[in-house]
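> Mind having a look at this structure? Questions to follow.
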Amino acid sequence: MSDFFCRASALGATKHKILLYGPSKSGKTFGSLRASCDLHKDPTKEVLTGDPGYAGIVFEHQAMQSVKLANPQALVRVIDPTDDSHGDALNQLREFMKMAMDGTLLSMGIHTLALDGLTEIQQIFRDDIIGYDAADDTPFTWDDWRDLNGRMRRFLRTMRGLPFHVVCTALDQEKSDDEGVIRSVRPLLDGQAIRAEVPAYFASVGYAMKNVRTKLGARGTIVEYSTMWDGPSIYKVGASIPLGGVTPTCSGHWIDVLNGATAPEALALALQYGVQGDMRVVHEEREEADVTDEVTAATTSRRRQRAAKE
């Protein structure tokens, strides 16, 4: 056989590249660093011991509580770009990527990277292009757009080639028609071209959702964070087999499934999280009379709009 080819069975282990996007406070940071979840426990009450094989970049201090809860042993660099007058955020991002490329992180036992998130990374590139001392109304020229798109593409290509599992997050952006019906939900990124291209750099793209359940007569609520991998066409979602449907927002679980979780395990997980039929929507109706569901606007309003349209 020609040396140009090799058998598919001889290829090395896949390093999964995953994009998770969704509204603010939908569990993206928590899920990107969450190393494991016990399918037999309430996900809001489980005690997470963590996995020291995770390293991440986080761009807001408010997310630190989620980071500590998700994975107490993860290595995390917190970058605050809100007070960045000298390009420090970009320099720290470059240093992190350099450590990922030159083997430093591999030598530290890291196997999974969390980049939280792409929306902020693009803004850091934009600030560097336009100048840190520029006025707020400084125009962004066509040459600036080409520079920004080029930087994003180079960053994403570098990310795609890293010898790690990588989970990137992004905020979401909704587009509605004249009647107010949501027609598309995509990652929040500036520029139509790069917004359309970004999902292609990832093998799996999921949408983060938050479900709040309140038990009547009981104090407190149960919060469930889930990720949709298959759904209505207005969402830009899709996953590598066997990942699919709706799963807990847990990167460690996703990677385990992609690395060979069995179909029965995936089905048991889907049933636990209230997924029905083709697994495109989360249950809105519960049989228990003593339980009411209060689903956040990020999920409920969209389902109602789709049902009314149909």
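> Relative contact order of region 140-209, please, whole-number percent, based on alpha carbon pairs below 8 angstrom and at least 6 residues apart.
Once divided by the residue count of region 140-209, the mean separation gives 26 percent.
> What chymotrypsin sites (Phe, Trp or Tyr not before Pro) does region 1-30 have in DSSP loop regions with at most 11 other beta carbons within 10 Å?
Hits after loop and neighbour filter: Phe4, Phe5.
> Take Met108, project a point 7 Å from its Cα along the Cβ direction, then tell me which residues of region 161-199 have their backbone nitrogen under 18 Å from it.
Hits in region 161-199 for Met108 at 18 Å: 162-168.
> With a cut-off of 17 Å, note down the residues of region 124-139 whose backbone N falls inside the zone around a label point 7 Å from the Cα of Arg146 toward its beta carbon.
It comes to 129-130, nothing else.
> Between Ser176 and Asn259, what FRET efficiency comes out of the Förster formula 1/(1 + (r/R0)^6) with R0 = 51 Å and r the beta carbon distance, rounded to 0.05?
Computed FRET efficiency for Asn259 and Ser176 comes out at 0.85.
> Simple spin-label model, 7 Å along Cα-to-Cβ: Thr158 to Gln65 in nm?
The two pseudo-label positions are separated by 3.4 nm.
> Among 174-187, 232-245, what's the highest-first ranking by average C-beta atoms within 10 angstrom per residue?
232-245, 174-187
> Any idea how far apart Lys25 and Arg94 come out in nm if each label point goes 7 Å out from Cα toward Cβ?
Inter-label distance under the simple model: 3.7 nm.
Readers should treat all values here as calculations from the given coordinates under stated rules, not as data from a laboratory. Note that this is a predicted model, so its numbers are computed, not measured. Glycine gets a Cβ as well: all are built from the backbone with ideal geometry, and neighbour counts include every protein chain shown.
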